[in-house]
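A short write-up of the structure that comes next.
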Amino acid sequence: MDFTLILVLVVLVTGVIMALDLAVLKRRRGDAPPGFFVEQSRSFFPVLTAVLVLRSFLFEPFQIPSGSMLPTLKIGDFILVNKFEYGLRLPVLGTRVVDLGAPARGDVMVFKYPEDTRINFIKRVVGLPGDLVEYRNKTLFINGIEQLQTTVEVTDGLTLPPLSAEVTEALGDQPYHLWKRLTPGRNYGPFVVPEGQYFVMGDNRDNSNDSRVWGFVDDSLIVGRAVAVWMYWETFLSIPSFADVRVIR
């Protein structure tokens, strides 16, 4: 279900009813009270319009549904996505109308899944348009430069999956943590990222459905940059927690 589309339609319908009332219906009924739909439109239109503007152009909340971004984001994290940092886009269509910036290497980005745009995905931006990207022996190379990794922890069977390690890597200004298995994996590239597209990967490097599987993310599919975790709610029956509120790096 596309909540944004439904919200746009409801705002449009209530706005049309309000405009029709101001232009025609109000004069016809005189001192009589407005009908049910006119009254409801008056009540809901301002509120829904404010929600639409907030979600479309400023910030929008999302919940993390999978472990592909571990250890950075865990299942049940509620995140806040900055919708204006990469430019203002029309709701539903995704067309950029004001250019305010573009994704940078290392950003955690929310976008529409290229193979089913009804689904939102979240991954880390690895390759920008024009970059030469290669993933060899579980090490990332950007434009021929190795992105160095520093081991933080090797699996003890409790805090990490079996035969795994946690490492740090830095594509942008801030280092971030990754999980990777201590077993051989597939190599990818080298290949050049096309103009207007991005190459993304999950921080759980060996357990992520990302650009290595389905290709690049087109600029038109971008939703925004994930900036903060504001709540954790594991299951519907559990108690929401605000103990891990943090900025996403």
If I model a spin label at E146 and V51 as a point 7 Å from the Cα along the Cα→Cβ vector, what separation in nanometres do I get? 5.3 nm
Can you put V133, V192 in order, fewest other beta carbons within 10 Å first? V192, V133
Calculate for the chain the 222 nm mean residue ellipticity that helices alone would give, adding -39,500 (n - 2.57) per DSSP H run of length 4 or more and normalising by residue count, nearest 500 deg cm²/dmol. -5500 deg cm²/dmol
In whole Hz, what ³J(HN,Hα) sequence does the stretch 91-96 give by Karplus (6.51, -1.76, 1.60; θ = phi - 60°), x for Gly and Pro? x, 6, 6, x, 6, 6
So what is the relative contact order for the stretch 134-240, in percent, with contacts set as C-alpha pairs under 8 Å and at least six apart? 18 percent
Can you tell me the length gained on complete extension of the stretch N120 to L5, counting 0.36 nm per residue apart and subtracting the Cα distance? 40.0 nm
Nearest-0.05 FRET efficiency for Y113 and R136 at R0 = 25 Å, using Cβ-Cβ distance, is 0.40
May I ask you to derive the relative contact order of the chain, considering only C-alpha pairs under 8 Å and at least 6 residues apart, and to give it as an integer percent? 21 percent
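Please compare each pair in K83/K112; K83/K138; K74/K123; K83/K180 to a cut-off of 22 Å on the Cα-Cα distance and tell me which ones are over it.
K83/K138; K83/K180
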Note: D218 to V16 extended length (0.36 nm per residue) minus current alpha-carbon separation gives 69.3 nm
As an exercise, use a Förster radius of 22 Å and the Cβ-Cβ distance of F59 and V97 to find the FRET efficiency, rounded to the nearest 0.05. 0.80
What is the helix-to-structure angle for 3-20, meaning the angle in degrees between its Cα long axis and the longest Cα principal axis of the chain, kept from 0 to 90 and rounded to the nearest 10? 20 degrees
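Every read-out reported here was derived from the displayed coordinates using simple, explicitly stated rules and does not represent laboratory data. Note that this is a predicted model, so its numbers are computed, not measured. No Cβ is skipped: glycine too gets one built from the backbone with ideal geometry, and neighbour counts run over all protein chains shown.
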